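Scroll down for the structure; my scribbles are underneath it.
Here, each number is a calculation from the coordinates, and none is a lab measurement. No experiment lies behind these values; they were computed from the predicted model shown. Note: ideal-geometry Cβ built from the backbone for every residue, glycine included; neighbour counts use all protein chains shown.
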């Protein structure tokens, strides 16, 4: 006689792991000197990874809800192929069935877009040639390298205050996606104009 074997499925969320890392890593970063801004790179990248993890998990969760367990994967994979920025823009109308969208002029949205921009510049860095000046004199040649726009962008974005606000914004997104009822009280969400 054959036995019927039931199948079970589970997903493991890494959001709590990332969040714990960020919570524990933030306080010591207050002591980082401004000139050592490079030490904030891993924190910013982990914030961005946490944001993407939150958005990806929500895409999968709501794809199961909307399309059923048998058909969700095809739909979820299509949405997962979007850029991080596009996921952020698309996800709230998707999960709330067009009841809410992110206010593009909100501080939360602007911080997350800046985080995504910093992440993209760091992970997809393209080291094109930059302008240099040189001066020839009796004493020899003196070279001067001008700071690139990208380097200036990193120096301004990678501060303790910005990293702290990046994490705060990521937490706001996580809270709203964990409980869609939170969308009603999120000041950075709005009813769509359509």
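General remarks:
- Over the stretch 9-117, Cα pairs under 8 Å with separation of 6+ residues give a relative contact order of 21 percent.
- Cα-based helix-to-principal-axis angle, 160-178 vs the chain, degrees rounded to 10: 10 degrees
- With one equal scatterer per alpha carbon and no solvent term, the Debye-computed log10 I(q)/I(0) for the chain at 0.12 1/Å reads -0.70.
- Here 13, 169 are placed in order of increasing Cβ neighbour count within 10 Å, fewest first, which gives 13, 169.
- Full-extension gain in nm, residue 4 to residue 20, via 0.36 nm per residue minus C-alpha separation: 1.7 nm
- Cα gyration tensor, the stretch 1-107 - rounded (a/c under 1.5), prolate or oblate: oblate
- Taking the chain as a Gaussian network of alpha-carbon nodes connected by springs under 10 Å, the highest mean-square fluctuation of the residues 139, 181, 126 belongs to 139.
- With contacts taken as Cα pairs under 8 Å and at least 6 residues apart, the chain reaches a relative contact order of 27 percent.
- Springs join every pair of Cα atoms under 10 Å in this Gaussian network model of the chain, and among 29, 91, 151 the largest mean-square fluctuation is at 151.
- The GNM of the chain, with springs linking C-alpha atoms under 10 angstrom apart, assigns the highest mean-square fluctuation among 166, 66, 94 to 66.
- Extension gain, residue 155 back to residue 34 (0.36 nm per residue minus Cα-Cα distance, nm): 42.7 nm
- Estimated from helices alone, the mean residue ellipticity of the chain at 222 nm is -19500 deg cm²/dmol (sum of -39500 (n - 2.57) over DSSP H runs with n ≥ 4, per residue).
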